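Take a look at the structure below.
Values in this text are rule-based calculations from the coordinates and carry no lab data. It should be emphasised that the depicted structure is a prediction, and the values quoted were computed from it without experimental measurement. Quick reminder, even Gly has a Cβ in these numbers, built from the backbone with ideal geometry, and neighbours come from all protein chains shown.
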Amino acid sequence: MSNKAKQSIAERRDQFIRSWRQYAPEITIAGMTLAQFEAGAQSPDEVRSRQADAQTVLSGIIIERKEADKNLNTHLIMLADALRGMPDFGYNSPFYRSLGYITKNERKARTLKPKATPMLTPTLAPMATSVPVATIAVIPLAADVA
């Protein structure tokens, strides 16, 4: 089986050019000389280069968009805060509700959960432990006997 399937198109192009240059640089294949083929074969590299440039630009644009979104969010919060402070458009106004906020009248009262009573678990009384004391016998040495 050929190893062409495992090669990228750029590797195959380079192999074709090397082989053509090595074995028959003067022949014309399919109406093309080696120089013409080399010039035309560079087109995918140019496209890949433009693609890499476009991806770099896109990365920068994504950062700009994220910063613009942060700034807009800050402004929206400031506007909603200012709206809450206006006498005609406070926490219970239809305008405030239409912005997606929950009015004070719609808020539920806070319910406290009952405190859980601690569950008593039986504990075992500590057992009296006694450790037997070993008796150590002293054996006199021959030098101590005399």
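Things worth noting here:
- Candidate set: segment 1-55, residues that are among the hydroxyl-bearing types (S, T, Y) and surrounded by 10 or more Cβ atoms within 10 Å (Cβ to Cβ); chosen: the one nearest to the chain's Cα centre (by Cα): S49
- Annotation note: Cβ proximity below 9 Å between a residue of segment 46-66 that is within 24 Å of A10 (Cβ to Cβ) and a residue that is of a type outside the set (F, W, Y) (sequence gap 6+ or interchain) occurs for R48/A10.
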